[in-house]
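Undergrad: Pasting a structure below so you can have a look.
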Amino acid sequence: MTTRTQHPARWLAATVLISWATLAQAEIGPAEQPDLKLGFIKLTDMAPLAVAWEQGYFLDEGLFVELEAQANWKVLLDRVITGELDGAHMLAGQPLGASIGYGTQADIITAFSMDLNGNGITVSNDVWEAMKPELAMDGDKPRHPISASALKPVVEQSNARGERFRMGMVFPVSTHNYELRYWLAAGGLNPGFYAPQRGDTSGTLEADVHLSVTPPPQMPATMEAGTIQGYCVGEPWNQQAVFKGIGVPVITDYEIWPNNPEKVFGVSKAWAEANPNTHLRLLRALIRAAYWLDENNNANRDEAVEILARSSYVGADPEVIANSMTGTFEYEKGDVRKVPDFNVFFRYHATYPYPSDAIWYLTQMRRWGQIPE
């Protein structure tokens, strides 16, 4: 695990508090727990945590924060539940899933949405070549967004040969799982059903395409090894496939559900109740970081790329991270298109966790059988 620790000595030099809307104007008492360990997964959308650390926003709040990379989403959630982590960068569906008892039952809450959008669906080079005859073209480039109907004959041929067509996603209650299922189903492919009441939590019942969990940083290597033929993941792991020449992103989640909530900052309900001032101070630091990331038409994104590229955070090539973080997205090698809202951290009220979005996640859990009748 990668750890980033902030030393209290830096706090002595941090003397300026920047007021911020209602939360910033509020009189918040001293932090009940100033020393904190927060978890994250190596993805570009952990950026508010990295920026709050690097810009001294945590220190401005009297918080001495250690940021620690986690192996996968299950480990991260389990460590928040046990109290080994005080809070974490989480999938938007994780607090909901834990609250309703899908997987581990726990009271996990969120008061901060970390970002909007940020995912893509990538297929291997072989699959892409097989899809090409089905694609509508604008000159020599495919017309986007690309429907899964172009993938359907490829899947049918694979299944006819007795070879399961497999794709990866990051966690059963992830946006990636639901976006990938939504895209496949809209193209006439069955991504399978869950049947937990019958002891089947694989999500592959009646599936044309078999979906399985793979940690985000391992997606490109797992596809390159032939274990999966494609995946849905956050950045920089779609652009990494392009950079390595092993795959082609076919659609972004902005084209599936524009401005969808992707990650949240989650804590246990018990921790929030025991540490209300600490929680508010954390939120204030994260809101400042989100604003910094989007202010002046993303003017700080190049600096954000440099921060995220460090091994203590995402640890990927800066060019790969910049592909999406600076308002562009590369599909086939050389096919770079403008996607200004691929990563959104503050604008469009991005930091607010809307209850209506939670309802959408619950409908998808019900649609695919995670919530039984």
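Undergrad: Is the stretch 223-244 home to any residue that is closer than 17 Å to Phe171 by Cα, under 14 Å from the mean Cα position of the chain (by Cα), of a type in the set (Gly, Ala, Ser) and at pLDDT 95 or above?
TA: Among the residues of the stretch 223-244, at least one is closer than 17 Å to Phe171 by Cα, under 14 Å from the mean Cα position of the chain (by Cα), of a type in the set (Gly, Ala, Ser) and at pLDDT 95 or above, which makes the answer yes.
Undergrad: Within the stretch 305-328, which residues are of a type in the set (Gly, Ala, Ser) and within 18 Å of Pro215 (Cα to Cα)?
TA: Ser311, Ser312, Gly315, Ala316
Undergrad: Still on this model: From Gly62, Gly97, which residue is surrounded by fewer than 22 Cβ atoms within 10 Å (Cβ to Cβ), more than 27 Å from Asn298 (Cα to Cα) and out of contact with any Cys (no Cβ under 6 Å at 6 or more places or on another chain)?
TA: On inspection, the qualifying residue turns out to be Gly62.
Undergrad: Would you check which residues across the stretch 72-116 are farther than 22 Å from Leu280 by Cα, of a type in the set (A, V, I, L, M) and touching a helix residue (DSSP H, G or I) at 6+ places or on another chain (Cβ under 8 Å) and list them?
TA: Answer for the stretch 72-116, where residues must be farther than 22 Å from Leu280 by Cα, of a type in the set (A, V, I, L, M) and touching a helix residue (DSSP H, G or I) at 6+ places or on another chain (Cβ under 8 Å): Ala98, Ile100.
Undergrad: Just to check your reading of the model, which residue among Ser158, Ser124, Ser147, Ser174 is among the polar types (S, T, N, Q) and buried (at least 22 other Cβ atoms within 10 Å of the Cβ)?
TA: None of the other options fit; the residue is Ser174.
Undergrad: Pairs only if they're at least six apart or on different chains, beta carbon under 9 angstrom, first in the stretch 124-136 and within 19 Å of Phe243 (Cβ to Cβ), second surrounded by fewer than 14 Cβ atoms within 10 Å (Cβ to Cβ) and modelled with pLDDT of 95 or more; list them, first residue then second.
TA: Hits for this filter: Ser124/Gly226; Asn125/Gly245.
Undergrad: Within the stretch 116-141, can you find the residues that are at negative phi, polar (S, T, N, Q) and not in a helix (DSSP H, G or I)?
TA: Hits for the stretch 116-141 are Asn119, Thr122, Ser124.
Undergrad: Here's another thing I want to ask about it. Among the residues of the stretch 84-92, is any in a helix (DSSP H, G or I) and either in the same structural domain as Glu303 (by TED's automatic domain parsing) or out of contact with any Cys (no Cβ under 8 Å at 6 or more places or on another chain) (or both)?
TA: Checked the stretch 84-92: no residue is in a helix (DSSP H, G or I) and either in the same structural domain as Glu303 (by TED's automatic domain parsing) or out of contact with any Cys (no Cβ under 8 Å at 6 or more places or on another chain) (or both).
Undergrad: Considering only residues that are assigned to a helix (DSSP H, G or I) and out of contact with any Leu (no Cβ under 6 Å at 6 or more places or on another chain), look in the stretch 317-331 and name the one that is farthest from Pro249 (Cα to Cα).
TA: Looking at the filtered set, the residue picked out is Pro318.
Undergrad: Give the residues of the stretch 174-228 that are closer than 14 Å to Ala241 by Cβ, without any contact (Cβ under 8 Å) to a residue 12 or more places away in the chain and assigned to a helix (DSSP H, G or I), sorted by residue number.
TA: Correct list: Gln218, Ala221.
The values are calculated or read from the model by the stated rules, or taken from the named source; none is laboratory data. Just so it is clear, the structure is predicted and the values come from calculations on it, not from any experiment. Every residue, glycine among them, receives a Cβ derived from its backbone with ideal geometry; neighbour counts consider all protein chains shown.
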